[in-house]
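J.: Please find one structure pasted underneath; my questions will follow.
The values are calculated or read from the model by the stated rules, or taken from the named source; none is laboratory data. Note that the structure is a prediction, hence the values are computed from the model and not measured. Counting neighbours? That spans all protein chains shown, and the Cβs are built from the backbone with ideal geometry, glycine included.
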(Lines give C-alpha, C1' and ligand atoms only; values in the text may rest on other atoms or scores of the structure.)
Protein backbone atom coordinates (compact mmCIF):
# COMPACT_ATOMS: atom_id res chain seq x y z
CA UNK A 1 0.00 0.00 0.00
CA UNK A 2 1.22 3.46 -0.89
CA UNK A 3 0.82 6.39 1.48
CA UNK A 4 -0.39 9.79 0.29
CA UNK A 5 1.39 12.40 2.47
CA UNK A 6 -0.92 15.18 1.28
CA UNK A 7 -4.09 13.27 2.18
CA UNK A 8 -2.67 12.21 5.54
CA UNK A 9 -1.71 15.83 6.35
CA UNK A 10 -5.25 17.16 5.85
CA UNK A 11 -5.88 16.77 9.58
CA UNK A 12 -2.32 17.22 10.78
CA UNK A 13 -3.36 19.22 13.85
CA UNK A 14 -5.69 16.51 15.12
CA UNK A 15 -3.25 13.73 14.25
CA UNK A 16 -0.33 15.56 15.87
CA UNK A 17 -1.93 16.24 19.23
CA UNK A 18 -1.57 12.64 20.55
CA UNK A 19 2.13 12.68 19.64
CA UNK A 20 2.83 15.65 21.90
CA UNK A 21 0.68 14.27 24.72
CA UNK A 22 2.59 10.98 24.49
CA UNK A 23 6.05 12.56 24.46
CA UNK A 24 5.12 14.86 27.36
CA UNK A 25 4.91 11.80 29.63
CA UNK A 26 8.42 10.57 28.77
CA UNK A 27 10.69 11.46 31.69
CA UNK A 28 14.07 11.19 29.97
CA UNK A 29 16.18 14.25 30.79
CA UNK A 30 19.34 13.84 28.69
CA UNK A 31 19.03 10.87 26.32
CA UNK A 32 21.80 10.29 23.79
CA UNK A 33 19.89 8.23 21.21
CA UNK A 34 16.22 8.90 20.36
CA UNK A 35 14.29 7.05 17.65
CA UNK A 36 10.87 7.74 16.13
CA UNK A 37 9.53 4.58 14.47
CA UNK A 38 6.79 5.22 11.94
CA UNK A 39 7.73 8.89 11.73
CA UNK A 40 5.68 9.60 8.60
CA UNK A 41 6.76 12.81 6.90
CA UNK A 42 8.83 13.79 9.91
CA UNK A 43 7.42 17.15 11.01
CA UNK A 44 6.59 15.80 14.47
CA UNK A 45 9.96 14.08 14.79
CA UNK A 46 11.71 17.43 14.45
CA UNK A 47 10.03 18.49 17.71
CA UNK A 48 12.04 15.78 19.48
CA UNK A 49 15.21 17.64 18.58
CA UNK A 50 13.79 20.70 20.32
CA UNK A 51 12.95 18.63 23.40
CA UNK A 52 16.35 16.87 23.50
CA UNK A 53 18.82 19.07 21.56
CA UNK A 54 21.84 17.09 22.76
CA UNK A 55 20.51 13.75 21.43
CA UNK A 56 21.03 12.01 18.13
CA UNK A 57 17.50 11.82 16.71
CA UNK A 58 16.54 9.38 13.96
CA UNK A 59 13.21 8.93 12.20
CA UNK A 60 12.29 5.76 10.31
CA UNK A 61 9.24 4.97 8.20
CA UNK A 62 8.41 2.13 5.81
CA UNK A 63 6.92 4.56 3.28
CA UNK A 64 9.37 6.06 0.80
CA UNK A 65 6.68 8.60 -0.11
CA UNK A 66 6.54 9.83 3.47
CA UNK A 67 10.31 9.97 3.99
CA UNK A 68 10.66 11.91 0.73
CA UNK A 69 8.59 14.68 2.35
CA UNK A 70 10.63 14.78 5.58
CA UNK A 71 12.35 18.09 6.46
CA UNK A 72 15.89 18.35 5.19
CA UNK A 73 17.24 21.38 7.08
CA UNK A 74 17.20 19.70 10.47
CA UNK A 75 19.59 17.72 12.70
CA UNK A 76 17.21 14.74 12.53
CA UNK A 77 18.31 11.85 10.30
CA UNK A 78 15.48 10.24 8.31
CA UNK A 79 15.52 6.91 6.47
CA UNK A 80 13.20 4.31 4.97
CA UNK A 81 13.12 1.24 7.21
CA UNK A 82 10.78 -1.53 8.35
CA UNK A 83 10.00 -1.22 12.07
CA UNK A 84 9.84 -5.01 12.33
CA UNK A 85 13.57 -5.13 11.66
CA UNK A 86 14.56 -2.35 14.05
CA UNK A 87 17.11 -3.25 16.73
CA UNK A 88 16.63 -1.11 19.85
CA UNK A 89 20.14 -1.82 21.15
CA UNK A 90 21.74 1.46 22.20
CA UNK A 91 18.45 3.40 22.19
CA UNK A 92 17.52 5.62 25.15
CA UNK A 93 14.07 6.76 23.95
CA UNK A 94 11.94 4.86 21.45
CA UNK A 95 8.78 6.62 20.23
CA UNK A 96 6.12 5.06 18.02
CA UNK A 97 3.09 7.20 17.16
CA UNK A 98 0.10 5.51 15.45
CA UNK A 99 2.20 2.83 13.73
CA UNK A 100 1.95 -0.46 15.60
CA UNK A 101 -1.68 -1.07 14.56
CA UNK A 102 -0.33 -1.85 11.07
CA UNK A 103 1.89 -4.66 12.38
CA UNK A 104 0.12 -7.90 13.34
CA UNK A 105 1.77 -9.62 16.28
CA UNK A 106 3.50 -6.49 17.50
CA UNK A 107 3.49 -7.82 21.07
CA UNK A 108 6.67 -9.71 20.25
CA UNK A 109 8.21 -6.55 18.81
CA UNK A 110 7.49 -4.71 22.05
CA UNK A 111 9.12 -7.48 24.08
CA UNK A 112 12.20 -7.39 21.87
CA UNK A 113 12.50 -3.60 22.01
CA UNK A 114 12.03 -3.59 25.78
CA UNK A 115 14.78 -6.20 26.20
CA UNK A 116 17.30 -4.32 24.07
CA UNK A 117 16.50 -0.77 25.16
CA UNK A 118 19.24 0.88 27.20
CA UNK A 119 18.96 0.77 30.98
CA UNK A 120 17.02 3.85 32.14
CA UNK A 121 15.51 3.91 28.65
CA UNK A 122 11.94 4.80 27.67
CA UNK A 123 9.51 3.12 25.28
CA UNK A 124 6.45 5.22 24.39
CA UNK A 125 3.77 4.42 21.83
CA UNK A 126 0.26 5.40 20.87
CA UNK A 127 -2.23 3.41 18.78
CA UNK A 128 -5.81 4.02 17.64
CA UNK A 129 -8.39 2.27 19.81
CA UNK A 130 -11.45 2.97 17.66
CA UNK A 131 -11.79 -0.26 15.68
CA UNK A 132 -15.33 -0.73 17.03
CA UNK A 133 -16.34 2.86 16.20
CA UNK A 134 -18.89 3.43 13.40
CA UNK A 135 -16.14 4.61 11.06
CA UNK A 136 -14.43 1.21 11.13
CA UNK A 137 -17.46 -0.99 11.75
CA UNK A 138 -19.32 0.42 8.73
CA UNK A 139 -16.24 -0.05 6.56
CA UNK A 140 -15.98 -3.72 7.56
CA UNK A 141 -19.70 -4.33 7.10
CA UNK A 142 -19.65 -2.84 3.60
CA UNK A 143 -16.52 -4.82 2.70
CA UNK A 144 -18.26 -8.05 3.78
CA UNK A 145 -21.54 -7.24 1.96
CA UNK A 146 -22.55 -9.47 -0.99
CA UNK A 147 -21.41 -6.85 -3.51
CA UNK A 148 -17.87 -6.58 -2.12
CA UNK A 149 -17.11 -9.78 -0.19
CA UNK A 150 -15.38 -11.59 -3.04
CA UNK A 151 -13.00 -8.68 -3.60
CA UNK A 152 -12.41 -7.55 -0.02
CA UNK A 153 -12.75 -10.55 2.29
CA UNK A 154 -9.89 -10.53 4.77
CA UNK A 155 -8.54 -7.13 3.69
CA UNK A 156 -9.67 -5.45 6.91
CA UNK A 157 -8.96 -6.65 10.43
CA UNK A 158 -11.51 -6.34 13.23
CA UNK A 159 -9.06 -5.22 15.89
CA UNK A 160 -5.35 -4.66 15.53
CA UNK A 161 -4.43 -3.47 19.00
CA UNK A 162 -4.65 -4.60 22.63
CA UNK A 163 -6.20 -2.88 25.63
CA UNK A 164 -4.19 -0.53 27.87
CA UNK A 165 -4.28 -3.20 30.59
CA UNK A 166 -2.89 -5.84 28.24
CA UNK A 167 -0.02 -3.61 27.13
CA UNK A 168 0.72 -2.72 30.75
CA UNK A 169 0.84 -6.40 31.70
CA UNK A 170 3.08 -7.25 28.76
CA UNK A 171 5.71 -4.59 29.45
CA UNK A 172 5.54 -4.87 33.23
CA UNK A 173 6.27 -8.55 32.69
CA UNK A 174 9.47 -7.45 30.95
CA UNK A 175 10.51 -5.52 34.06
CA UNK A 176 9.49 -2.01 32.99
CA UNK A 177 7.46 0.53 34.96
CA UNK A 178 4.40 1.25 32.84
CA UNK A 179 1.89 4.07 32.54
CA UNK A 180 -1.00 3.10 30.23
CA UNK A 181 -4.17 5.04 29.54
CA UNK A 182 -6.82 5.79 26.94
CA UNK A 183 -8.20 9.10 25.67
CA UNK A 184 -11.19 9.67 23.41
CA UNK A 185 -10.88 12.86 21.38
CA UNK A 186 -13.94 14.64 20.04
CA UNK A 187 -12.57 16.10 16.83
CA UNK A 188 -14.65 18.70 15.03
CA UNK A 189 -13.95 18.22 11.32
CA UNK A 190 -14.81 20.79 8.67
CA UNK A 191 -15.92 20.25 5.10
CA UNK A 192 -18.10 17.78 3.22
CA UNK A 193 -17.62 14.07 3.97
CA UNK A 194 -14.87 14.97 6.41
CA UNK A 195 -14.86 11.58 8.18
CA UNK A 196 -14.40 9.87 4.81
CA UNK A 197 -11.50 12.22 4.05
CA UNK A 198 -9.94 11.37 7.43
CA UNK A 199 -10.08 7.60 6.93
CA UNK A 200 -9.08 7.91 3.28
CA UNK A 201 -5.63 8.87 4.57
CA UNK A 202 -5.34 5.89 6.96
CA UNK A 203 -7.85 3.09 7.63
CA UNK A 204 -9.42 3.02 4.17
CA UNK A 205 -6.06 2.56 2.43
CA UNK A 206 -6.18 -1.29 2.32
CA UNK A 207 -9.57 -1.15 0.59
CA UNK A 208 -8.48 1.45 -1.95
CA UNK A 209 -5.33 -0.56 -2.65
CA UNK A 210 -7.42 -3.68 -3.36
CA UNK A 211 -9.90 -2.06 -5.76
CA UNK A 212 -9.59 -0.65 -9.26
CA UNK A 213 -10.42 2.99 -10.01
CA UNK A 214 -14.17 2.79 -10.72
CA UNK A 215 -14.69 0.18 -8.00
CA UNK A 216 -12.81 2.31 -5.47
CA UNK A 217 -15.04 5.26 -6.35
CA UNK A 218 -18.21 3.19 -6.00
CA UNK A 219 -17.15 1.73 -2.64
CA UNK A 220 -16.17 5.19 -1.39
CA UNK A 221 -19.56 6.63 -2.39
CA UNK A 222 -21.46 3.87 -0.57
CA UNK A 223 -19.22 4.19 2.48
CA UNK A 224 -19.58 7.99 2.48
CA UNK A 225 -23.38 7.69 2.56
CA UNK A 226 -23.21 5.41 5.60
CA UNK A 227 -20.76 7.75 7.34
CA UNK A 228 -23.03 10.75 6.79
CA UNK A 229 -25.76 8.97 8.74
CA UNK A 230 -23.43 7.90 11.54
CA UNK A 231 -21.67 11.28 11.76
CA UNK A 232 -24.18 13.98 10.81
CA UNK A 233 -22.76 17.33 9.82
CA UNK A 234 -23.58 20.14 12.25
CA UNK A 235 -23.51 23.89 11.56
CA UNK A 236 -20.11 24.00 13.28
CA UNK A 237 -18.68 20.83 11.68
CA UNK A 238 -18.79 17.04 12.06
CA UNK A 239 -17.97 15.51 15.44
CA UNK A 240 -15.67 12.52 15.05
CA UNK A 241 -14.99 10.61 18.25
CA UNK A 242 -11.58 8.95 18.17
CA UNK A 243 -10.20 6.81 21.03
CA UNK A 244 -6.46 6.23 21.36
CA UNK A 245 -4.38 4.06 23.69
CA UNK A 246 -1.15 5.46 25.14
CA UNK A 247 1.67 3.54 26.78
CA UNK A 248 4.84 4.96 28.35
CA UNK A 249 7.26 2.42 29.83
CA UNK A 250 10.48 3.08 31.73
CA UNK A 251 13.33 0.59 32.00
CA UNK A 252 14.36 1.59 35.51
CA UNK A 253 17.99 1.36 36.54
CA UNK A 254 18.63 -1.55 38.91
CA UNK A 255 18.96 -0.63 42.57
CA UNK A 256 22.53 -0.51 43.87
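J.: Looking at region 218-241 only, could you name the residues that are within 28 Å of residue 21 (Cβ to Cβ) and either crowded, with 20+ Cβ neighbours inside 10 Å or at pLDDT below 95 (or both)?
T.: If the condition is that a residue be within 28 Å of residue 21 (Cβ to Cβ) and either crowded, with 20+ Cβ neighbours inside 10 Å or at pLDDT below 95 (or both), then 227, 231, 238, 240 are the ones that fit.
J.: Let me ask you something else. Tell me, please, whether a residue that is touching a helix residue (DSSP H, G or I) at 6+ places or on another chain (Cβ under 6 Å), closer than 21 Å to residue 29 by Cβ, surrounded by 19 or more Cβ atoms within 10 Å (Cβ to Cβ) and modelled with pLDDT of 95 or more can be found in region 130-149.
T.: There is no residue in region 130-149 that is touching a helix residue (DSSP H, G or I) at 6+ places or on another chain (Cβ under 6 Å), closer than 21 Å to residue 29 by Cβ, surrounded by 19 or more Cβ atoms within 10 Å (Cβ to Cβ) and modelled with pLDDT of 95 or more.
J.: Let me ask something else about it. Quickly run through region 166-193 and pick out the residues that are in contact with a strand residue (DSSP E or B) (Cβ under 7 Å, 6 or more places away or on another chain), modelled with pLDDT of 95 or more and not in a strand (DSSP E or B).
T.: Those that are in contact with a strand residue (DSSP E or B) (Cβ under 7 Å, 6 or more places away or on another chain), modelled with pLDDT of 95 or more and not in a strand (DSSP E or B): 167, 168, 171, 172, 176.
J.: Then there's this: Take region 142-151 and flag every residue that is part of a helix (DSSP H, G or I) and either free of Cβ contacts under 8 Å to residues at least 60 places away in the same chain or in contact with a strand residue (DSSP E or B) (Cβ under 8 Å, 6 or more places away or on another chain) (or both).
T.: Within region 142-151, 149, 150 meet the criteria.
J.: Determine whether residue 93 is in contact (Cβ under 8 Å) with a residue 12 or more places away in the chain and farther than 19 Å from residue 249 by Cα.
T.: So residue 93 does not fit the description; no.
J.: Out of all the residues in region 173-218, which are closer than 30 Å to residue 92 by Cα and free of Cβ contacts under 8 Å to residues at least 24 places away in the same chain?
T.: Correct list: 173 only.
J.: Within region 110-140, track down each residue that is farther than 24 Å from residue 36 by Cα, assigned to a helix (DSSP H, G or I) and either touching a strand residue (DSSP E or B) at 6+ places or on another chain (Cβ under 9 Å) or touching a residue at least 12 places away in the same chain (Cβ under 8 Å) (or both).
T.: 134, 135, 136, 138, 139, 140
J.: Before we move on, is residue 67 surrounded by 19 or more Cβ atoms within 10 Å (Cβ to Cβ) and within 17 Å of the chain's Cα centre (by Cα)?
T.: Against the criterion (surrounded by 19 or more Cβ atoms within 10 Å (Cβ to Cβ) and within 17 Å of the chain's Cα centre (by Cα)), residue 67 qualifies.
J.: Restricting region 203-213 to residues that are outside any helix (DSSP H, G or I) and touching a helix residue (DSSP H, G or I) at 6+ places or on another chain (Cβ under 7 Å), which is modelled with the lowest pLDDT?
T.: 203
J.: May I ask you to list the residues in region 11-34 that are at pLDDT below 80 and either under 12 Å from residue 122 (Cα atoms) or buried (at least 17 other Cβ atoms within 10 Å of the Cβ) (or both)?
T.: Correct list: 11 only.
J.: For the condition surrounded by fewer than 21 Cβ atoms within 10 Å (Cβ to Cβ), in contact with a helix residue (DSSP H, G or I) (Cβ under 9 Å, 6 or more places away or on another chain) and over 20 Å from residue 19 (Cβ atoms), what is the one hit in 72, 111?
T.: On inspection, the qualifying residue turns out to be 111.
J.: Now, a different point. Given (1) modelled with pLDDT under 95; (2) touching a strand residue (DSSP E or B) at 6+ places or on another chain (Cβ under 7 Å), identify the lone condition not met by residue 43.
T.: The number of the failed condition is (2).
J.: Can you pull out the residues in region 95-109 that are more than 14 Å from the chain's Cα centre (by Cα) and not in a loop (DSSP other than H, G, I, E, B)?
T.: The answer is 107, 108, 109.
J.: Moving to a separate point now. Can you tell me which residues in region 45-61 are under 20 Å from residue 121 (Cβ atoms) and in a helix (DSSP H, G or I)?
T.: 45, 47, 48, 49, 51
J.: I would also like to ask the following. Test residue 78 against the criterion of being modelled with pLDDT of 95 or more, over 15 Å from the mean Cα position of the chain (by Cα) and assigned to a strand (DSSP E or B), and give yes or no.
T.: Yes, satisfied.
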